[in-house]
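Q: One structure, pasted below without further comment.
Derivation of every value follows stated rules applied to the coordinates shown; laboratory data play no part. Everything quoted here is computed from the prediction, not taken from an experiment. When we count neighbours, we look across all protein chains shown, and the Cβ atoms used for this are built from the backbone with ideal geometry, even at glycine.
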Amino acid sequence: MKVTSSSLIALAAALASASSISAGVIAPRQASSAAPSATGASATPVGPETASASSTVDSMTDSAASASASSGSSDMSMSSATSSPSISASAPAMASPSALPSYSSQNLSSYANSSVHGPQGLRNSNCRNLTISVSTNSSNIQYIDVDDQYSNQSYITAQILQFTNFQMPWIAAHENGTFVSQQDYNVSATYCTPMSMNSTSSTNSTDSGNSTLIVASHGIGFNKEYWNFLNDTAPEYSFINQATSDGYAVLTYDRLGTGQTSHPESGFNQTQIATEVSLLANLIGQLRNGTAFEGQQNYTKIAGVGHSFGSLQMQALTATAPDLLDAVALTGFSNSSAGIMQFLTGATLTPVNQVFSNVSRFSNESSVYLVNGSPTSTYELFLWPPNYDPEYAAIAAGPEYADAVTLGQLTSQSALMMSADFKGPVFVISGEHDLPFCAGNCQPPLLDGVQMLYPMAGNFSTFIEPASGHGLVVGYTGPDSNRRVVDFFKGNGL
């Protein structure tokens, strides 16, 4: 499958342009500085794990080739066409809070007791674990003067502080063009189908079973279990349970370097956004073909849902391969990254083999894989007190759900791209106090601004969960946000 990228959307500040390479590979932004656009601004990255400091939006457009799913391979190109016409728009301004949010007046514990679900109930999942072989073909940033096998906490902290406070000089010093990376990985996935269905299940039900598969990509700080949070003790928090209660099948997977998916011994050169988008494209291509695993059911439609970094990858996929997905839900997402500096520095990122030294799956992990340094940092970055159950929050910060990230993943992220040819429905949902994407103050214009990335979307809708943070599933509104995603897919005929 060969795909040319749609246009590049970026928050302005002089950074590099988002991706350019010959057909056949996914490319990150170029290491060299981008030429100013017609408005005088340069392209900068946007996302939950990238720094940005401006609200002006520039975009450069080029035509996007439609994706072919006739093969499970992930040959893909994200190339920016500098000769394309330039489009300018203003990103929605960050609104200043009119008053200090109350600590207790918006307590939403009643959300957690909600019994709203599909007709088949919250215990309707039949799940099995899978290992799927995936090939990637991506154009990665060539890092220079970095330690690809870093293990020193001082070095890790220095790179984070330099990248967040001196982003342009850091990029100039450490990024030097691109190289083509072709890799084979084993992806750990969980495939869940509804145990029972009836005529009232949803519009995705057919005589032969489900016709829609939902593929879920988690964000940084978690693994695929994010989508099955508290399945045993509080099933209403599980996205999988909500989806199967309406007859949908769901496939969740551990992103590269997390869970049981392959863990490259590389802190920069292999673990990058381009590699991950290529991995996701190959995975969904195989699911489209019915060749991902033995006994796979064929699906006529595939919907994608992402959280945070996973939303960035789903958004990139709709831009570079618009035919791979029929609908997308972007959770923990906006077109702003005003709070990212706080997010990165507040994580106190530490090698996972130190934080969870007594956990077998982490104790021998490479030091290039980093996690939040303490449960408190997880609470501050992902939640909004007091609107979460302290016991559940502690579980989310523990080794069952918490997972790692590398410096390469944090520093390689490209700009958002216009999904000019994506015609499916798009749903954006974030917490009112999302830190990385809203600087703690999500207002409707921030989420509505994502619509500029989807000029051809069949239906575009947004929702802000009240008194909630970045980790939507974990807070009291988790059951509600899961339900809203499922209802959006259902309401759009999937």
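Q: Thr345 to Ser357: extension gain in nm, 0.36 nm per residue of separation minus the Cα-Cα distance?
A: 2.1 nm
Q: Let me ask you something else. Once phi is turned into θ = phi - 60°, what whole-Hz ³J(HN,Hα) does the Karplus curve with 6.51, -1.76 and 1.60 give for every residue of region 465-472, x standing for Gly and Pro?
A: Each residue's phi maps through the Karplus curve to give 6, x, 6, 10, x, 6, x, 3 Hz.
Q: Further, regarding this structure: Within a Cβ distance under 15 Å of Tyr155, other residues only, what is the Lys/Arg minus Asp/Glu net charge?
A: Every neighbour counted, the sum reads -3.
Q: Give the dimensionless ratio obtained when the Cα radius of gyration of region 109-491 is divided by 2.2 N^0.38 Å.
A: 0.92
Q: If you place +1 on the Cβ of every Lys and Arg, -1 on the Cβ of every Asp and Glu, and leave all else neutral, what size is the dipole of region 109-491 about its Cα centre, to the nearest 20 Debye?
A: In debye, rounded to 20, region 109-491 gives about 540.
Q: Right, another one. Arrange the following residues from fewest to most other Cβ atoms within 10 Å of their Cβ: Leu410, Leu130.
A: Lowest count first: Leu130, Leu410.
Q: By a straight-distance test (C-alpha under 18 Å), which aspartates and glutamates pair with Lys301 as possible cross-link partners, with residues fewer than eight away in the same chain excluded?
A: Output for Lys301: Asp207, Asp246, Asp323, Asp326, Asp421, Asp487.
Q: Report the full-extension gain for the segment Phe166 to Leu130: residue separation times 0.36 nm, less the Cα-Cα distance, to one decimal in nm.
A: In short, 8.8 nm is gained.
Q: Let me ask another. Along region 247-253, what does the Karplus equation 6.51 cos²θ - 1.76 cosθ + 1.60 (θ = phi - 60°) give for ³J(HN,Hα), rounded to whole Hz, x for Gly and Pro?
A: So the Karplus estimates, Gly and Pro as x, are x, 7, 8, 9, 10, 10, 9 Hz.
Q: Continuing with the same structure: Counting pairwise Cα distances across region 378-438, what percent come out greater than 18 angstrom?
A: When every Cα pair of region 378-438 is considered, 61 percent fall beyond 18 Å.
Q: Hey, another quick one. Provide the packing ranking of 447-454, 258-265, i.e. peptides ordered by the mean count of other C-beta atoms within 10 Å per residue, highest first.
A: Ranked by mean Cβ neighbours within 10 Å, highest first: 447-454, 258-265.
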